[in-house]
1. Scan region B:27-66 for residues that are over 20 Å from residue A:130 (Cα atoms), more than 7 Å from every other protein chain (Cβ to nearest Cβ) and in contact with a helix residue (DSSP H, G or I) (Cβ under 8 Å, 6 or more places away or on another chain) and report the count.
2. Does region B:34-48 hold any residues that are closer than 9 Å to residue A:180 by Cβ and within 16 Å of the ligand (Cβ to nearest atom), and which are they?
3. Only one of (1) surrounded by 15 or more Cβ atoms within 10 Å (Cβ to Cβ); (2) within 16 Å of the ligand (Cβ to nearest atom) fails for residue B:93. Which number is that?
4. If you take the residues in region B:9-33 that are surrounded by fewer than 16 Cβ atoms within 10 Å (Cβ to Cβ) and not acidic (Asp, Glu), which one is nearest to the ligand (Cβ to nearest atom)?
5. Out of all the residues in region A:169-178, is one or more more than 20 Å from residue B:49 (Cβ to Cβ) and without any contact (Cβ under 8 Å) to a residue 40 or more places away in the chain?
6. Could you list, ordered by first residue, the pairs with Cβ atoms under 7 Å in which the first is in region B:1-23 and within 17 Å of residue A:166 (Cβ to Cβ) and at the interface with chain A (Cβ under 9 Å from one of its Cβ atoms) and the second is among the polar types (S, T, N, Q) and in a helix (DSSP H, G or I), at least 6 apart or interchain?
7. Quickly run through region A:33-63 and pick out the residues that are of a type in the set (A, V, I, L, M) and closer than 13 Å to residue A:89 by Cα.
8. Among B:169, B:154, B:180, B:200, which is surrounded by 17 or more Cβ atoms within 10 Å (Cβ to Cβ) and either assigned by TED's automatic domain parsing to the domain that holds residue B:92 or closer than 21 Å to residue A:66 by Cα (or both)?
Amino acid sequence: MTGRARMSQPSDQELMLALKAGDRAAFEALYRRYRDRLHAFLVRYTGDPATAQDLFQETFLRVFRDRARYEPRAAFATWLFTIARNLSLDSLKKPAAKPVQSEAAIQVVPDPAPDALQGLERREADTALRRALTSLPEDDRAILLLSRFEGLRYSQIAEILGTSEGAVKVRAHRALQALRRVVKA
Amino acid sequence: MQCQDAQSLMTAYIADEVTSVERRDLEAHVVGCACCHEELAGFRQAWDCLVRWSVPGPDVRIEQELLARVEGERVTARPRIRPFAAGTAALAGALLSIVASSFLPYERAFELCRQALRKFDLFPGLPDSTLFFIAGALYGLIPLLLIGLVSGHLMGGRAPRFQGTVTGLAFAILITPYVLIVCSALPGTFTAAILAGIGLGALPGATGGFWFGAHAWRPAR
Ligand SMILES: [Zn+2]
């Protein structure tokens, strides 16, 4: 993509405003922009690909249905992940639908051409790390994922979780500390 | 900086969430402290390991299903009216208007209007009923503008003009008995002119107030 082409891309806010005005194409553009990120977040957050697929659909559908509620002063990513997190919490609360941490989601796929022993060790370490991540408290997990993978600021994460920036800082540290113990072991 | 302080900052440091002073202090401490140096390496290793968890994109089937569902959604949602909020705003507007008229009765407002127009030599031949209409319009416009601003601000951007119109109509209905009672001594045409003025002033007041309160005066979340 050239610099010029990138510059002509509408911002998330502009796309949301177009969507509010009834432009379906704007929804598709936002969807393409956030599809992979949101899906990956939900798989890592719920630890279950099937649950993540349902939540993925529901989140984007909610974005479309609630487009009138979007305030342009809020970053779209913050709004999107707030919806995703709230829907995930609702689904985790339902005892019948509580997803089991699926091994398939956690298991590390072998590299195509691994250096035998090193590859195996790394795979085991990664699997252990993912297991540790999925067993963190929900909010700690969300904080770590949003910070590490989505590159969101602590202030944005605090907005998503409805808490203070200081609390996010403390919990992020606690979460990474837990993972660190696994890596170290 | 103590080791404990340094270690408590490490995650924020790696995530680039520290101030420049914290960054400087932490880096200076880590250089001189083998223990914290090792700690930081451990945190960084965990942080780096995480990123190796790649997740494939969503299923094509899910994507098609979602886009089909969105395709089936209505684009122009019907504006939803909140009757309770409209009723409360109309009642508050009516009370405000009544209070205003108890301080400044309609006949007095009519006199002031006539004097003002005469002073500036405007519309010399204006009939009294038109003047009563203008005076009445102020008793609708101003209270509803104020109430609309506050309500629109509190309610946010949900069909504010529609909500404002309904509020204005409800207000007109609520205020009518009061006007009929206070104006019982006046000729019927004057009372009718006041009523028409109040009603027609309330509509742009409420509609504009709601709209302005919802859009220009950003609602608190
Ligand atoms: Zn130290």
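The values are calculated or read from the model by the stated rules, or taken from the named source; none is laboratory data. Remember, it's a predicted structure, so these values are computed and weren't measured experimentally. Counting neighbours? That spans all protein chains shown, and the Cβs are built from the backbone with ideal geometry, glycine included.
1. 10
2. Answer for region B:34-48, where residues must be closer than 9 Å to residue A:180 by Cβ and within 16 Å of the ligand (Cβ to nearest atom): B:39, B:42, B:43.
3. So residue B:93 meets the others, but not (2).
4. My answer is B:32.
5. Yes.
6. B:15/A:147
7. Residues satisfying the conditions are A:42, A:52, A:55.
8. Answer to the selection: B:200.
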